[in-house]
Amino acid sequence: MLKNILKRILISIPVLIGVVLIIFIMLRVVPGDPVTTMLGEHVNQVVIDKISKEMGLDKPLYMQFFTYISHAVRGDFGTSYRLNRNVTGIILDAFPNTVRLAVCAAIVSWIVGILSGIFAAVNKNNILDRLFMGTALLGVSMPVFMIALVLQYLFAYKLKIFPVSGYETAASMVLPSIVLGWNSAGSIARMTRSNILEVMQEDYIRTARAKGLLEFAVMKSHALKNAMLPVVTMMALQISSMLSGAVITENIFGIPGIGRLAVNAIETRDMPLLQGTVIFTTILVILGNLIADSLYSILDPRIRKEI
């Protein structure tokens, strides 16, 4: 297993370098001068040239890239053009807010998704099944911004139960958590239901029933244990995607996390900050995939044997 983990880490290194290279080139070919963006349009050309030289922007692209890589491997993603602060420090300051949102959203999605999937499987093809699966399909199909606006209008503006935005209190995290977690809950519910229905057709389930076990005991002790293995893998992948993909939710609800940093960096053409957020989120996704694969192999002995 350790050998497999090391192999996956080695495979991930070229992926990470490729992401850095792509985002580096894309930001350099976009029209506009970052120094002009930082200082304003009405600045003397001599000043612009001087600052460009100080920032290393006058060097060839390949030299800029290798300089950036050499600093990035030491955890230094440069200095933000707009905030004039170390990018690593800015990301680490924002990351706890993203973690808080992602954990709350994951709890919502896991509880709602698993319970909905179980109830839908137990009540196959009746009204409860259609209700739960319809709600799950709605969460998977609706855009995140649409869910956010609808919930804000109903529960914040009309009913005034929750704040419209913010992140300071527990109440202010309820709507963002539901918005970010609904899509994942829908996916978990659908997978849980389909896996349970598939497992319930296996021979060992019929043997357990033939022994006289109650349906609840069959479900708890036999069906769920095997049906939940792929779901656990999906849950591990979803937490990494929530940590790296909460851009829309953070901006709608005014949460100062990684996603909001990335949007602000795009708006102000803050290249070091945008590069840092992209690299950081890429690392999170790679780690999430690695954890999901490792967790699946730990839970399923058959996978360990194959490895």
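The values are calculated or read from the model by the stated rules, or taken from the named source; none is laboratory data. Remember, predicted model here, so these are calculated numbers, not experimental data. Here the Cβ is made from the backbone with ideal geometry for all residues, glycine too, and neighbour counts use every protein chain on show. Note: accessible area is taken over every heavy atom of the protein model, side chains too, but ligands, DNA and RNA are not part of it. Shrake-Rupley method; radii C 1.70, N 1.55, O 1.52, S 1.80 Å.
Residue-wise test of (1) of a type in the set (Gly, Ala, Ser); (2) within 24 Å of ILE22 (Cα to Cα); (3) without any contact (Cβ under 8 Å) to a residue 40 or more places away in the chain; (4) crowded, with 18+ Cβ neighbours inside 10 Å.
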site: SER221; (1), (2), (3), (4): yes, no, yes, no
site: VAL231; (1), (2), (3), (4): no, no, no, yes
site: GLN238; (1), (2), (3), (4): no, no, no, yes
site: GLY254; (1), (2), (3), (4): yes, no, no, no
site: GLY259; (1), (2), (3), (4): yes, yes, no, yes
site: ALA262; (1), (2), (3), (4): yes, yes, yes, yes
site: PRO272; (1), (2), (3), (4): no, yes, no, yes
site: VAL278; (1), (2), (3), (4): no, yes, no, yes
Item to check | Hits in segment 97-142 - residues which are β-branched (Val, Ile, Thr) and within 17 Å of SER184 (Cα to Cα) | outcome: THR98, VAL99, VAL103, ILE107, VAL108, ILE111, VAL112, ILE114, ILE118, THR135, VAL140
Checklist entry - Looking at ASP58, ASP76, ASP33, which one is of a type in the set (Asp, Glu) and either within 29 Å of the chain's Cα centre (by Cα) or closer than 24 Å to PHE280 by Cα (or both)? => result ASP76
Checklist entry - If only one of LEU295, LEU287 is surrounded by fewer than 19 Cβ atoms within 10 Å (Cβ to Cβ) and without any contact (Cβ under 8 Å) to a residue 60 or more places away in the chain, which one is it? => result LEU287
Next on the checklist: Take GLY113 and tell me if it is assigned to a helix (DSSP H, G or I) and either modelled with pLDDT under 90 or of a type outside the set (A, V, I, L, M) (or both).
Outcome noted: yes
Checklist entry - Out of segment 133-156, which residues are closer than 20 Å to GLU198 by Cα and touching a residue at least 60 places away in the same chain (Cβ under 8 Å)? => result MET133
Checklist entry - ILE266 passes all but one of (1) more than 14 Å from PHE77 (Cα to Cα); (2) open to solvent by 20 Å² or more (accessible area, probe 1.4 Å); (3) touching a residue at least 12 places away in the same chain (Cβ under 8 Å); (4) not charged (D, E, K, R); which number fails? => result (3)
Item to check | Tally of residues being of a type in the set (A, V, I, L, M, F, W, C) and surrounded by fewer than 13 Cβ atoms within 10 Å (Cβ to Cβ) across segment 46-70 | outcome: 5
Checklist outcome for this item: For segment 38-83 the number of residues that are β-branched (Val, Ile, Thr) and assigned to a helix (DSSP H, G or I) is 6
Checklist entry - Here are VAL35, VAL73, VAL20, VAL15: which of them is open to solvent by less than 40 Å² (accessible area, probe 1.4 Å), closer than 30 Å to SER294 by Cβ, modelled with pLDDT under 90 and not small (Gly, Ala, Ser)? => result VAL20
Checklist entry - Is one or more of the residues making up segment 76-90 out of contact with any helix residue (DSSP H, G or I) (no Cβ under 6 Å at 6 or more places or on another chain), of a type outside the set (S, T, N, Q) and open to solvent by less than 40 Å² (accessible area, probe 1.4 Å)? => result yes
Checklist entry - Which one is surrounded by the most Cβ atoms within 10 Å (Cβ to Cβ) among residues in segment 91-124 that are more than 20 Å from GLU168 (Cβ to Cβ) and touching a Gly at 6+ places or on another chain (Cβ under 6 Å)? => result SER109
Checklist entry - Is it fair to say THR169 is open to solvent by 60 Å² or more (accessible area, probe 1.4 Å), farther than 21 Å from GLY288 by Cα and in a helix (DSSP H, G or I)? => result no
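Conditions (1) over 25 Å from LEU284 (Cβ atoms); (2) crowded, with 17+ Cβ neighbours inside 10 Å; (3) touching a Ser or Thr at 6+ places or on another chain (Cβ under 8 Å), marked per residue:
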position: ILE188; (1), (2), (3): no, yes, yes
position: VAL199; (1), (2), (3): yes, yes, no
position: TYR204; (1), (2), (3): yes, no, no
position: MET242; (1), (2), (3): no, yes, yes
